[in-house]
Amino acid sequence: MDKRKIVILGSTGSVGRQTLEVIAQYPNKFSVETISGWNNTALLAEQARKFLPKTVVTGDEKNYQELKDALKDLPIKVLAGAEALNEVVSNGGVDLVMAAIVGFAGLMPVLTALENGIPVALANKETLVVAGDIVMETAKRKKVSVIPVDSEHSAIFQCLQGEHGGIEKIILTASGGPFIGRKTNFLVNVKRDHALQHPNWHMGEKITIDSATLMNKGLEMIEAKWLFDLQPEQMEVVIHQQSVIHSVVQFVDGSLKAQMGLPDMKVPIQYALTYPDRFENSFPRFSFKNYPKLTFDRPDIKTFRNLALAMEALQKGGNLPCIMNAANEEVVHAFLKNKIGFLEMTEIIEEVMGSCPWMEKPALADYRQCDQSAREMTQKLIAQKSN
Ligand code: MG
């Protein structure tokens, strides 16, 4: 059997590193064609040395020389810049692109891959939040699959295998993050290091903060809408602190299917790489003996208002999710730098959502424009708060 040729965009991030760990288990099944990173040039070079891809890309051009020097004894092509990311997903002979770049930056390479008929394993949820209509329309027109990597969406995707529609609703589970049960009087004083301590999942910084604010679940509702063609009323969020039921599909006959397992991103990553097959692995196994009690609660959207804002963006649609996402990326970044407080993130997002002009049916250029202006507005508000 030919090896599956994989491009990994964002190989130095959390999902990218775990993708390489999965691939390393099956040297005869996969070949890594291209890896890309942003700032962690040392790790990118180390990965290149181990997996010997044909091409390595640094998204940030200022790291080009350092990367080139680090790999000068190897027959590896080194490229830099955003255009290079599009180039490596335009080539024929690629079987799957793992899209693991965080944020809006992942949108263009995903669209380019789909336009070129290359299936995408999508870990970058912001891509669908920002321009889900365009992304899914492109995938449909080119008849290519978008395979979810996000654990909840992978769960739903797995539950839908062998089904022919008939979804009544989906239930997205949420761990609740590190501040579950807390109220505003506590949250007002929360700092980055505390917010970065997620109880169950080990993930990148951006998504860990999004999990603490529950924005992550809001982004995931919008992601699910596009992936599974759902109406807002067909989605429910349930707090399930143990994170072993990864999500649930309820069908029109009242039957429920859930996908379960330990909270380990390598499982959905592996499924996206091997789909529609399953490969044996030696990851730790779930045991009911270790989980005598599974709990389910309503999310507290009065305290964690980011989820309410995301539900509003989901309902209203158009460019509002794009605006919300841009503001969220900026405030999370500022919070990680201790420039603004935990609750100020929500205040700023809300203000930006209320101020940017709404468009019902934006084109790709409109999304880019509105991402840009929402970021600028957010930056101003951050500057005001941090003075
Ligand atoms: Mg998730």
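The values are calculated or read from the model by the stated rules, or taken from the named source; none is laboratory data. For clarity, every value in this text was computed on a predicted model and none was experimentally measured. Cβ coordinates were reconstructed from backbone atoms using ideal geometry, including for glycine residues, and neighbour counts include every protein chain displayed. All accessible areas refer to the heavy atoms of the entire protein, side chains included, with ligands and DNA or RNA removed. Shrake-Rupley method; radii C 1.70, N 1.55, O 1.52, S 1.80 Å.
Contact map, segment 185-210: residues that are more than 28 Å from residue 267 (Cβ to Cβ) paired with residues that are within 15 Å of the ligand (Cβ to nearest atom), Cβ distance under 8 Å, separation 6+ or inter-chain. Pairs shown: 190/212; 192/209. Of all the criteria given as (1) within 16 Å of the ligand (Cβ to nearest atom); (2) open to solvent by 10 Å² or more (accessible area, probe 1.4 Å), the one not satisfied by residue 154 is (2). Consider residue 174 carefully, then state whether it is in contact with a Lys or Arg (Cβ under 6 Å, 6 or more places away or on another chain), within 27 Å of residue 13 (Cβ to Cβ), open to solvent by less than 20 Å² (accessible area, probe 1.4 Å) and modelled with pLDDT of 95 or more. Yes. Listed by first and then second residue, the pairs linking a residue in segment 107-121 that is touching a residue at least 12 places away in the same chain (Cβ under 8 Å) and acidic (Asp, Glu) to a residue that is open to solvent by less than 10 Å² (accessible area, probe 1.4 Å) and assigned to a helix (DSSP H, G or I), with Cβ atoms under 8 Å apart and 6 or more places separating them unless they lie on different chains, are 115/138. From the residues in segment 115-141 that are more than 17 Å from the chain's Cα centre (by Cα) and open to solvent by less than 10 Å² (accessible area, probe 1.4 Å), which one is nearest to the ligand (Cβ to nearest atom)? Result: 139.
Restricted to segment 307-330, and to residues there that are more than 19 Å from residue 367 (Cα to Cα) and in contact with a Lys or Arg (Cβ under 9 Å, 6 or more places away or on another chain), the residue that is most open to solvent (accessible area, probe 1.4 Å) is 308.
Residues of segment 352-375 being open to solvent by 100 Å² or more (accessible area, probe 1.4 Å) and either part of a helix (DSSP H, G or I) or under 25 Å from residue 335 (Cα atoms) (or both), which ones? 368, 369, listed by residue number. Can we say residue 5 is open to solvent by 70 Å² or more (accessible area, probe 1.4 Å) and not in a loop (DSSP other than H, G, I, E, B)? Yes, satisfied.
The residue of segment 185-235 that is farthest from residue 161 (Cα to Cα), among those that are within 16 Å of the ligand (Cβ to nearest atom) and open to solvent by 70 Å² or more (accessible area, probe 1.4 Å), is 205.
Considering each of 55, 112, 41, 34 in turn, give the residue that is of a type in the set (Ser, Thr, Tyr), under 28 Å from residue 205 (Cβ atoms), open to solvent by less than 70 Å² (accessible area, probe 1.4 Å) and under 19 Å from the mean Cα position of the chain (by Cα). Only one candidate qualifies: 112. Somewhere in segment 58-69, is a residue under 22 Å from residue 94 (Cα atoms), under 26 Å from the mean Cα position of the chain (by Cα) and either of a type outside the set (S, T, N, Q) or not in a helix (DSSP H, G or I) (or both)? Scanning segment 58-69 turns up at least one residue that is under 22 Å from residue 94 (Cα atoms), under 26 Å from the mean Cα position of the chain (by Cα) and either of a type outside the set (S, T, N, Q) or not in a helix (DSSP H, G or I) (or both). When 191, 140 are screened for being at pLDDT below 95 and out of contact with any Gly (no Cβ under 6 Å at 6 or more places or on another chain), only 191 passes.
Of the set (1) of a type in the set (A, V, I, L, M, F, W, C); (2) crowded, with 24+ Cβ neighbours inside 10 Å; (3) more than 16 Å from the ligand (Cβ to nearest atom), all apply to residue 167 but (2).
Look at residue 216 and say whether it is within 30 Å of residue 347 (Cβ to Cβ) and touching a Ser or Thr at 6+ places or on another chain (Cβ under 8 Å). Criteria not met by residue 216. Scanning segment 16-31 for residues that are in contact with a helix residue (DSSP H, G or I) (Cβ under 8 Å, 6 or more places away or on another chain) and open to solvent by less than 30 Å² (accessible area, probe 1.4 Å) gives 18, 19, 20, 22, 23, 30.
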